[in-house]
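Student: Have a look at this one.
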Amino acid sequence: MAFLEIPNVSIKGMAATLPANRKDNLTDPLVNDAEKILKNTGIQYRHLADEGMTASDLCEDAAKRLLADLKWNAEEVDCLIFVRQMPDYILPASATILQDKLGLSQNAYALDVAMGCSGYVFGLSNIAALMQSGHFKKGLLLVGDTISRTCSVNDKSTYPLFGDAGTATALEYKEGAPTMKFHFGTDGSGKDAIIIPDGGSRNPFSEDSAKEEVIDEGISRSKANLVLEGMDVFSFGISKAPQSIKALLEHFEIDQETVDNFAFHQANLFMNEKIRKKLKIDPEKVPYSLPKYGNTSCATIPLTLISEREEALEKGSQKNVGCGFGVGLSWGSVYFETENLTISEIGILK
């Protein structure tokens, strides 16, 4: 199993930005069986990016507000990791564009990481590993997506579930900071469970890619749309997520009872409650942002902590476990401690 420990890096603050366009599943004429969807998934509201708005735009806004609240000079930021599935362009990497827009030094390290549901955990390990030696003193982890753009409005298995968001996490080198602890896993044989079939190098976009086909009752989509095989994803989530969290806690001898917050990827309420009950975690320790924002892909873990645990994170010490799982298939869990974080007010981008 893939375990990792990273010392000397402290999280200093978090911020999130949402698109102004908010949908209510209960009133959206494109959503059928809205009451049933709300009961099973816990999702009522979602924020959807308008055409031309990108994940980097949302993360840029979150990062600028967080830098201001921390009173950090942008030129002091040594490294930037941008985790996303929807880049601005095929090339160049969006992280290079963000370096310029945020006013970071031209000596800054900037890198894109193409990950989805587990992306925050993988991204956190990437940037913390870069910073642990002290060569990089300050870093920004930007994590977000505009995944709703890939959903067919005629697909009940995706359209009512996904929202868009961008987040920023600020990190600083601090000798002796509590060690971050990680567990990871990957199973590429399950790639077809969550996939956009056309548009990449394997299956380039063609005239046929845009043709919508009826897949099942209430499910029509094209090969350029997101495919979500619900039963496969459900079976994967309720097995791998609790296994990963349990492995993390056991390997590093972390007492589950001492953890203040378990921030799961916000897949859907029914699945996540299965995970919580398998692990026998107190419901009060498992925050949900699903009703407000839906499934925001790689942004769900920081967005949930920001929106549901702001006061606790700002005013004291917290022990946190995050677990991301999904597209890839890929999963990861992280244990990290925080103290008196700066949490920026959630931004709305028009």
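Student: Please identify the longest segment of the chain free of exposed chymotrypsin sites (Phe, Trp or Tyr not before Pro), where exposed means a DSSP state other than H, G, I, E or B and no more than 15 other Cβ atoms within 10 Å.
Tutor: The reported range is 90-204.
Student: What base-10 log of the normalised intensity I(q)/I(0) is obtained for segment 1-96 from the Debye formula, alpha carbons as equal point scatterers, at q = 0.12, 0.23 Å⁻¹?
Tutor: Per q value, in the given order, log10 I(q)/I(0) is -0.64, -1.19.
Student: Over the chain, with a Gaussian network built from C-alpha contacts below 10 Å, which listed residue (Ala108, Ala263, Ala299) shows the highest mean-square fluctuation?
Tutor: Ala108
Student: According to the square roots a ≥ b ≥ c of the eigenvalues of the Cα gyration tensor, what is the shape class of segment 78-145, taking rounded for a/c under 1.5, prolate for a/b larger than b/c otherwise, and oblate for the remainder?
Tutor: oblate
Student: Next question, about the same structure. Take the Cα atoms of segment 211-290, find their three principal axes, and give me the spread along each one in whole Å, biggest first.
Tutor: Principal extents (largest minus smallest coordinate, Cα): 52, 24, 18 Å.
Student: Turning to a different aspect of this structure: At a Cα cut-off below 16 Å, give the lysines reachable from Lys137, other chains included and same-chain residues fewer than 8 away excluded.
Tutor: Lys137 reaches Lys12, Lys71, Lys174.
Student: Taking every alpha carbon pair in segment 111-153, what does the distance histogram look like in 10 angstrom bins from 0, in percent?
Tutor: Reading the bins upward from 0: 24, 44, 21, 9, 2.
Student: Still on this structure: Please list the three semi-axes, largest first and in whole Å, of the ellipsoid equivalent to segment 261-342, using sqrt of 5 times the eigenvalues of its alpha carbon gyration tensor.
Tutor: Taking √(5λ) for each eigenvalue gives 20, 14, 13 Å, largest first.
Student: Considering only protein heavy atoms and a 1.4 Å probe, what is the carbon-and-sulfur percentage of the accessible area of the chain?
Tutor: 48
Student: Against the empirical 2.2 N^0.38 Å scaling, what ratio does the C-alpha Rg of segment 113-270 come to?
Tutor: Taking N as the residue count of segment 113-270, the ratio is 1.26.
Student: Between segment 108-143 and segment 240-303, what is the separation of their alpha carbon centroids in Å?
Tutor: The distance from the Cα centre of segment 108-143 to that of segment 240-303 comes to 21 Å.
Student: While we're on this one: For segment 123-242, what proportion of DSSP beta bridges, expressed in % and rounded to the nearest 5, is antiparallel?
Tutor: Approximately 100 percent, going by the DSSP bridge assignments.
Student: Rounded to the nearest 5, what is the percent of antiparallel bridges among the DSSP beta bridges in the chain?
Tutor: Among the beta bridges of the chain, antiparallel pairing accounts for roughly 70 percent.
Student: Starting from 0 in steps of 5 Å, tell me what percent of the Cα-Cα pairs of segment 33-167 lands in each bin.
Tutor: Pairs per bin, as whole percents: 2, 10, 19, 20, 18, 12, 8, 6, 4, 1, 0.
Student: Continuing with the same structure: Measuring from the lowest to the highest alpha carbon on each principal axis, how far does the chain reach, largest first, in angstroms?
Tutor: So the three principal-axis extents are 57, 46, 37 Å.
Student: Follow-up question, since we're still on this one. Over the chain, give the accessible area per residue in Å² for a 1.4 Å probe, as an integer.
Tutor: 44
Student: So, one more: For the pair Glu207/Ser220, report the inter-label distance in nm, with labels modelled 7 Å from Cα in the Cβ direction.
Tutor: 2.1
Student: Separate question: Scan the chain and hand back the longest stretch that contains none of the GluC sites (Glu not before Pro) lying in DSSP loops with at most 10 other Cβ atoms within 10 Å.
Tutor: For GluC sites (Glu not before Pro) (loop position, at most 10 other Cβ atoms within 10 Å), the longest site-free span of the chain is 52-174.
Student: Is it possible to state the helix-based mean residue ellipticity at 222 nm for the chain, with each DSSP H run of 4+ residues giving -39500 (n - 2.57), the sum divided by total residues, to the nearest 500 deg cm²/dmol? What is it?
Tutor: Mean residue ellipticity at 222 nm (helix-derived): -8500 deg cm²/dmol.
Student: Work out, step by step, the length gained on full extension between Ile348 and Lys246: first 0.36 nm times the residue separation, then minus their alpha carbon distance; give nm to one decimal.
Tutor: Using 0.36 nm per residue and subtracting the Cα-Cα distance, I get 33.1 nm.
Student: Which listed residue (Ala299, Ser235, Ser152) has the Cα farthest towards the positive end of the charge dipole for the chain, taking +1 on Lys and Arg C-beta and -1 on Asp and Glu C-beta about the Cα centre?
Tutor: About the Cα centre, the residue reaching furthest to the positive side is Ser235.
Student: Another question, if that's okay. Filter the trypsin sites (Lys or Arg not before Pro) in segment 231-290 down to the DSSP loop ones having no more than 15 other Cβ atoms within 10 Å, then list what survives.
Tutor: Lys280
Student: Two-decimal Rg/Rh of segment 11-64 from alpha-carbon positions, Kirkwood Rh?
Tutor: My calculation of the ratio gives 1.11.
Student: Using +1 on the beta carbon of Lys and Arg, -1 on that of Asp and Glu, and nothing else charged, what's the dipole of segment 106-182 about the Cα centre, debye to 20?
Tutor: The calculation lands at about 160 debye.
Student: So for segment 207-350, what percent of the C-alpha to C-alpha distances run longer than 22 Å?
Tutor: Cα-Cα pairs in segment 207-350 separated by more than 22 Å: 46 percent.
Student: List the residues, sorted by chain then number, that are 5 or more residues from Cys151 or on another chain and whose placed amide H is less than 5 Å from its amide H.
Tutor: Answer set, sorted by chain and number: Leu226.
The values are calculated or read from the model by the stated rules, or taken from the named source; none is laboratory data. The model shown is predicted, which means the values in this text are computed figures rather than measured ones. For neighbour counting, all protein chains shown are included, and Cβ atoms are generated from backbone atoms with ideal geometry for every residue, glycine included. Note: accessible area is taken over every heavy atom of the protein model, side chains too, but ligands, DNA and RNA are not part of it. Shrake-Rupley method; radii C 1.70, N 1.55, O 1.52, S 1.80 Å.
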